[in-house]
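Below: the structure, in structure tokens.
What follows draws every value from the coordinates through simple rules; no lab data is involved. Note that the coordinates shown come from a computational prediction; the quantities given were computed from them, not determined experimentally. A quick note on method: Cβ atoms are made from the backbone with ideal geometry, for glycine too, and the neighbour counts reach across all protein chains shown.
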Amino acid sequence: MSSAHRQLAGIALFAVLVGCVPLVTKSGVTLNFVMMALYATLIAQAWNILGGFGGQFSFGHALFFGTGAYIQAIAQLQGGINAWVALPLAVAGAALVGLFVGALTFRYGLKDSYFALVTLAFAEVFRILALSVNFTGGGVGLMVPLRESAANLQFASRAGYLWVVLAMVVLALLVTCWLRNGRFGAYLQAVRDNEDAARAVGVNPFRVKLAAIGISAAFMGAAGAFYVQVFQYIDAGIAYGPAVSVEALVAAIVGGMGTLWGPVLGAVVLHLLSDLTRNLFGELPGINMVIYGTVLVVIVIFLPRGVAGLGLSVRQLWSAKGGRHD
Amino acid sequence: MTEALLAVGGLSRSFGGLKAVQDVSLSVKEGSLSALIGPNGAGKTTLFALMSGFLKPDAGSVRFAGQDITGREPHRNALLGMTRTFQIVKPFAAQTVRENIAVGAHLHQRGRREALAHAEAIALRVGLAPQLDKPASDLTVAGRKRLELARALATRPRLLLLDEVLAGLNPQEIAEMMPVVRGIADSGVTVLMIEHVMQAVMHLAEHVWVLAQGQLIAEGSPAQVTSDDKVVEAYLGHGTAARLRKAASGVQA
């Protein structure tokens, strides 16, 4: 069995196991936890496509999340469009914004901290715009009326949402699996590791990075649309604020960048942590950010390859007994 | 007579006040193995960058396989069949040797399995087969030089621009690497190499260009250029050629 087949089998197993959770338990707390962990996985996985595989560290992925969320809400409220039809519009809209930002930044060769700053700035610009124009509801935000029915992509139980977001996560995992085993992924990682060397052997870095930001943004848009369906509310702070951007990158970095399962692990670990601390400290505002920061520092120092790299580094320690001299 | 595979005409490029390459013209015949030599800072690597598209020339033209490719992007040149390597090796450090070479192989092979298989065949040719599954970061300097060569070779180039593939290797490693380069040329790939290791230039190259302070000062067979006064003086300083001759004739007398 090749590694690609093993990964596909892993994804299938994951889909079946998580998909069965609502059949096993009716506990709202458990279902809510699994659903939110999957949602965190989705945004971590989306960030991982551009950041982990492409080496382009975005600090403003909320830009795509918020765009997806607003399109999902506005299409229903002002366009009278069914939520299921709005979803692909939200995904496409977010992808377009991604392509636009990518075309601007990659055309001028922005990378590293400059790319991070520009993405952060774009998200902030959109946040302020969303606060000041009318069709986003300004500071009041947008409320999507509650009309519980599967036809409206609104569910009475968390189970329905869980299955929807699971489908999105599985799709993101399949894309990641394709990145790990296909030409486009090989090119993307080559550009991440050394852009000049990649160019010398025939890779067009601009096109590769542009495609990556488009795909990454599309999944962020899906996450934004999902958020609106679950909470029936969106405002500028939630949509374009830094919280989502930070959550996406921290989960991916903690879990292990450029890996298939790293973002899943990272999202679950962080989610467990923030739930635990919420129980310990109550709803202390910003406590989860403090925890994220601490965990990030610890992980970067002790586990630079993330939680997914843990098994690997233990193995390396074991075999490094002989000692390398370089 | 057929047109040269690579023809460079009047190529110039400055960086601020420094004229790195001035009015260089040369043409590389299809199927040849030739070398570009010159003292440090002569502009050899800049010339390579101008040919392969990493830098745009201020003046002059580059023609490859009958097309004007002046200032064209390197990835498009690679698709046409011109691939360069780097003096300062640039491995994709996080990936295995096999994956590194496969990136080059993907230029003409979409499928992952075919690219990986081609990578393995290339590794065999350059003597990297035992290291295929190691991360590129674990390779020695000699190994990285081979990897640089292998990755370029995997793109199935018509013209290979090798930038000091022998630099930093010990004599034994050089002796191992020379037949590899010879083998590549014998398989029909045109090779132009920048090289400081004169032993290799004398053994391998059919034709040599000498660059000093951005200008071509001599060309010809290895024996011709090494006995050229201007070349000797470029390496050893002004007036050296005359002094050496005097010393030699003094010994004879």
Degrees, to the nearest 10: B:141-153 long Cα axis against longest axis of chain B: 70
Go ahead and set up a Gaussian network model of chain B, Cα springs under 10 Å, then flag whichever of B:His75, B:His118, B:His203 fluctuates most. B:His203
Taking max minus min of the Cα coordinates of the stretch A:141-265 on each principal axis, largest first, gives extents in Å of 56, 28, 26
Would you mind pulling out the separation of the Cα centroids of the stretch A:183-232 and the stretch B:205-228, in Å? 47
Candidate lysines for bridging to A:Lys26, where Cα separation is under 20 Å - those fewer than 8 sequence places away on the same chain excluded: none
In deg cm²/dmol and to the nearest 500, what is the mean residue ellipticity at 222 nm of the protein assembly as shown if only DSSP H runs of at least 4 residues count, each as -39500 (n - 2.57), divided by the residue total? -19000 deg cm²/dmol
Could you quote the convex hull projected area for chain B, Cα atoms only and averaged over all directions, in nm²? 15.4
Gaussian network model of chain A, Cα springs within a sub-10 Å range: biggest mean-square fluctuation belongs to which of A:Gly102, A:Gly241, A:Gly202? A:Gly202
Which far-off residues, 5 or more places away or on another chain, put their amide H under 5 Å from the one on A:Phe53, with H placed in the peptide plane? A:Gly258
What is the stretch A:232-280 by shape, rounded, prolate or oblate, if you read a ≥ b ≥ c off the alpha carbon gyration tensor as root eigenvalues and call it rounded for a/c under 1.5, prolate for a/b larger than b/c, and oblate otherwise? oblate
On Cα atoms only, tilt of B:112-126 relative to the major axis of chain B in degrees: 40
Have a look at the stretch A:3-321 and give its Rg and Dmax from the Cα atoms, expressed in angstrom. 19.3, 66
Once both axes come from the Cα atoms, what is the angle between helix B:171-186 and the longest principal axis of chain B, in degrees from 0 to 90, rounded to 10? 80
Going by a ≥ b ≥ c, the root eigenvalues of the Cα gyration tensor, does the stretch B:114-253 fall in the rounded group (a/c under 1.5), the prolate group (a/b larger than b/c) or the oblate group? prolate
By the C-alpha gyration tensor axes a ≥ b ≥ c (rounded if a/c is under 1.5, else prolate when a/b exceeds b/c, else oblate), the shape of the stretch B:142-207 is oblate
In a solvent-free Debye calculation with one equal scatterer on each Cα, what is log10 I(q)/I(0) for the protein assembly as shown at q = 0.06, 0.07, 0.11 Å⁻¹, listed in the order of the q values? -0.41, -0.53, -1.02
Within 10 Å of each Cβ in peptide A:185-198, how many partner chain Cβ atoms are there on average? Round it to a whole number, please. 6
How many Cβ atoms of partner chains, on average, are near each residue of B:108-114 if near means within 10 Å of its Cβ? 3
Let me confirm one metric for peptide B:93-100, namely the mean number of other chain beta-carbon atoms within 10 Å of its residues' beta-carbons. 3
Taking chymotrypsin sites (Phe, Trp or Tyr not before Pro) that fall in a DSSP loop and have at most 16 other Cβ atoms within 10 Å as cut points, what is the longest piece of chain A between them? A:136-326
Taking every pair of alpha-carbon atoms in the stretch A:147-199, give the share separated by more than 14 Å as a whole percent. 66
Under 26 Å between alpha carbons - lysine pairs in the stretch B:6-252 that sit 8 or more apart or on different chains: 16
Rough spin-label spacing in nm, given labels placed 7 Å along Cα→Cβ, for A:Asn134 and B:His238: 8.0
Most mobile listed residue (B:Leu162, B:Leu26, B:Leu36) in chain B, GNM with C-alpha springs under 10 Å: B:Leu26
Based on DSSP H assignment, which helices of chain A show an axial Cα extent of at least 18 Å together with a mean Kyte-Doolittle hydropathy greater than or equal to 0.0? A:3-24, A:28-51, A:62-77, A:83-107, A:112-132, A:158-181, A:205-231, A:242-255, A:262-281, A:287-302
